[in-house]
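**Q** Handing you a structure now.
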Amino acid sequence: MAELLVIRHAQASFGAEDAGGYDKLSDLGHQQAEIAGRALRASGWVPDRLITGTLARQQQTLHSMGFCAAPETHPGWNEYDFHDLLHARFGGAVPDAVLGDRKTHFRTLRETLLDWQAGGCRGARETWENFTARVEAARVSATAEPVERVLVVSSGGAIGQLVAASLDAPAKQMIALNLQVKNTSMSRFIFSGTRFFLHEFNATPHFAPPEAADLLTYS
């Protein structure tokens with residue numbers, strides 16, 4: 001069976017006032033991506049297709065991994081717009097602590113996603129149903145061609161949803177999966193025709209050596 005390897009983008013800037021400020025890799029992020037790319041090449045895993053979403057942090061990750069060819073892009077691999085969801089939930093008055101304090105940020109993220117899944121966050125540019133539909137469309141597109149190995153660079157929310165859908169898990173399980181996804185972690189799926197199965201989730205073998213362990217991040 002063919003393989004779809006989905007990698008979360010490397011560390012991006014945290015605490016920016018808008019989503020655009022977050023959409024670039026940190027210096028550590030470039031280092032993480034370089035190590036991930038070396039690990040793939042060392043294992044002999046050579047992709048037949050390169051795909052990213054349309055976000056800069058995803059494309060920068062692929063480039064820093066050492067893949068310089070222009071990738072295919074599909075917006076279904078993009079992250080949900082958390083800043084837009086926050087503005088919809090709080091009526092534009094987002095508490096300062098949500099943007100500046102990590103603990104508050106991630107607690108609010110979970111609460112906001114639950115509200116979004118339940119039909120809340122009215123006025124947001126994207127509904128939960130539209131989000132899940134575009135992730136599924138991205139999956140179908142990535143697995144449509146008769147190739148053996150497909151490499152995708154995506155984001156935590158899209159990966160969490162892809163894994164949850166592959167397991168036919170409840171919607172709220174996507175949130176737990178989303179919050180576990182490490183920067184440059186590798187989630188592997190196998191597919192043939194309409195068959196699609198999770199094979200490995202959130203693996204970071206490139207951070208296993210002691211000299212690389214301190215490079216692991218979740219955001």
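The values are calculated or read from the model by the stated rules, or taken from the named source; none is laboratory data. All values reported here derive from a predicted model rather than from experimental measurement. Ideal geometry is used to build each Cβ from the backbone, glycine not excepted, and the neighbour counts take in all protein chains shown.
**Q** Gly29 - would you say it is surrounded by 14 or more Cβ atoms within 10 Å (Cβ to Cβ), in contact with a Pro (Cβ under 7 Å, 6 or more places away or on another chain) and assigned by TED's automatic domain parsing to the domain that holds Met174? Give the derivation first.
**A** Numbers: surrounded by 14 or more Cβ atoms within 10 Å (Cβ to Cβ): yes; in contact with a Pro (Cβ under 7 Å, 6 or more places away or on another chain): no; assigned by TED's automatic domain parsing to the domain that holds Met174: yes.
No, not satisfied.
**Q** Identify, from the list Lys172, Lys182, the residue that is of a type in the set (D, E, K, R), farther than 25 Å from Asp115 by Cβ and in the same structural domain as Ser64 (by TED's automatic domain parsing).
**A** Numbers: Lys172 fails: farther than 25 Å from Asp115 by Cβ.
Matching residue, one of Lys172, Lys182: Lys182.
**Q** Regarding segment 125-134, can at least one residue be identified that is in contact with an Asp or Glu (Cβ under 7 Å, 6 or more places away or on another chain), surrounded by 20 or more Cβ atoms within 10 Å (Cβ to Cβ), modelled with pLDDT of 95 or more and assigned to a loop (DSSP other than H, G, I, E, B)? Please lay out each step first, then the result.
**A** The initial filter retains those residues of segment 125-134 that are in contact with an Asp or Glu (Cβ under 7 Å, 6 or more places away or on another chain), namely 125-126.
With the extra rule that they be surrounded by 20 or more Cβ atoms within 10 Å (Cβ to Cβ), the set shrinks to none.
Scanning segment 125-134 turns up no residue that is in contact with an Asp or Glu (Cβ under 7 Å, 6 or more places away or on another chain), surrounded by 20 or more Cβ atoms within 10 Å (Cβ to Cβ), modelled with pLDDT of 95 or more and assigned to a loop (DSSP other than H, G, I, E, B).
**Q** Which residues, counting only those in segment 32-53, are without any contact (Cβ under 8 Å) to a residue 60 or more places away in the chain and either farther than 26 Å from Glu79 by Cα or small (Gly, Ala, Ser) (or both)?
**A** Gly37, Arg41, Ala42, Ser43, Gly44
**Q** If you don't mind, another one. Any idea which of (1) under 29 Å from Ala36 (Cα atoms); (2) touching a helix residue (DSSP H, G or I) at 6+ places or on another chain (Cβ under 9 Å) is the one Val147 doesn't satisfy?
**A** Tallying (1) under 29 Å from Ala36 (Cα atoms); (2) touching a helix residue (DSSP H, G or I) at 6+ places or on another chain (Cβ under 9 Å), Val147 fails exactly one: (2).
**Q** Taking segment 127-179, which residues are within 11 Å of the chain's Cα centre (by Cα) and polar (S, T, N, Q)?
**A** Result: Ser154, Ser155, Gln161, Asn178.
**Q** Considering only segment 62-85, how many residues are at pLDDT below 95 and either at positive phi or aliphatic (A, V, I, L, M) (or both)?
**A** Counting residues in segment 62-85 that are at pLDDT below 95 and either at positive phi or aliphatic (A, V, I, L, M) (or both) gives 2.
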